[in-house]
Amino acid sequence: MTTRPSQSNSARARDGVIVRRAPFSENPTVGARGQQTQQRILDAALRVFAEEGYHQCSVDRITTRAGCSRVAFYQYFSSKEDVFRHLSGQVARQLRASTEALDPIGPDEAGWQSLRSWVARHGEIYERHQPVYNAFGAAAETDEEVASGAARWGERNVATIRSRLTTMTLPPRQLDPLILLLSSWMTHTLDLSTILRVAAPEAYPKDRLEVALTDVIHRSLFGLAASVNMHAPAATPPPRLDFGPALRELFADARTQPTEPSNGRRALAALLASSRDVFINRGYHGTRVDDLVEAAGVSHGAFYRYFPNKEALVRALTATAIQSVSRTFLELPQLEGPDHSGDRAALRRWLRRYNASQSEETGMIRVWVEGSLRDATLTAERAALFDWGRRRVARFLAPRNFGDVDTEALLMVSLLSAFGAESRPAATVDAAAHIIERGLLGR
């Protein structure tokens, strides 16, 4: 999910020694005190990214939190974007070291244990750097260096994991997209479990999720083996999480918006059509009403005729986005017939529809989350939204009659979230179908 830092902009290590960036390079070597200042800036930035999100974070906010001057900041970093690249580079190096530490991965218990340790290490890295993971999507949308670095890291990660496999059950053209999706899926699972624990702290213990994730990854690579990758469910199933007032209000907003613009609502239609891209490009906090009316080509009076503020417009756009994804989600085909070839075709057709729907709407949903970052109530309600999906997937998995259906239903929700986060090629559609068929259904 991450990238290496920019060598040209930040204070970087030369032969293990941190150096200042230009124009401070006349005295380039950073001593112990300077290293402490640099680390204090990074620690402060991590906290600001956690509290404010990527777009709202600024150099002023970072220096205030770090207790240093802007001059001190610019000795080490050129911008907040540069700080984020440095932080994401730290994550990349830790993830690379974790993958390189993998023992051989085979179909036996030793192979399962190797994967189990890898999953646990990934979780520890996530816990230390969660704000980087949370802000990464917004950063990648606006910073090509972050996005391209993530792609390079992914390729290296795939090659390392492939080298650890003792048994190759798939050719590389199928195996590589599968490994890449499995890796991003782990991060989405950690994101999702963090949200769910806000509403149900005892329902999703770390160990239970890690075991279930290891089971599904191992089955995806080697097939179902009852004595190795099939563990019993918890004694008590997770509680049902119901929608609260914030989500009910969100969907009420969507019902009050016209589905087709009339002649008297051309300004509204223009606002709804153009505002989505403005919010995605600028972020919630970086978008002003001035920006919205300029993009739509309407007056301020027209804006306030329909929306009291930009938050109301975000809610309307987000409700439409969530409903679009949810409608497609409900079309998930039940794969329980004898004709597995027909099942496979139906699943792939649905995955293509789902990917088109979610990848189109992910950016707007991220804006909504960014705008409500400090709202603990919203986090709990997002948990209810994911639990709604989990319960429906549990019904999809129930006919398989083995393993921890409730937890693995949550894993399938996170898999679909990872898969749908961006437009996917046919090879990734096949990888997602393979994980569902072999890893989750055990076929």
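Brief remarks on what is shown
- Reducing region 44-86 and region 125-177 to their Cα centroids gives an inter-centroid distance of 25 Å.
- Correct choice for mean projected area of the Cα convex hull in nm² that was computed from the model, options (1) 23.6; (2) 20.2; (3) 22.0: (1)
- Projecting label points 7 angstrom from Cα along Cα→Cβ for residue 309 and residue 198 puts them 1.9 nm apart.
- With 0.36 nm allotted per residue and the present C-alpha distance subtracted, the residue 33-residue 159 stretch has 41.4 nm of extension available.
- Förster radius 25 Å - calculated FRET efficiency between residue 142 and residue 249, Cβ distance, rounded to 0.05: 0.25
- Working from label points 7 Å from Cα in the Cα-to-Cβ sense, the residue 352 to residue 426 distance is 0.9 nm.
- Note on residue 96 and residue 300: the model spin-label points, each 7 Å out from Cα along the C-beta direction, lie 5.1 nm apart.
- Contour excess over end-to-end distance, with Cα ends at residue 109 and residue 127 and 0.36 nm allotted per residue: 3.8 nm
- The chain: calculated mean residue ellipticity at 222 nm from DSSP helix runs of at least 4, using -39500 (n - 2.57): -23000 deg cm²/dmol
- Compared with the direct C-alpha span, the chain from residue 232 to residue 173 gains 17.9 nm at full extension, assuming 0.36 nm per residue.
Computed from the coordinates by the stated procedures, all read-outs in this text should not be read as laboratory data. On a predicted model such as this, the values are computed, not experimentally measured, just so you know. Ideal geometry is used to build each Cβ from the backbone, glycine not excepted, and the neighbour counts take in all protein chains shown.
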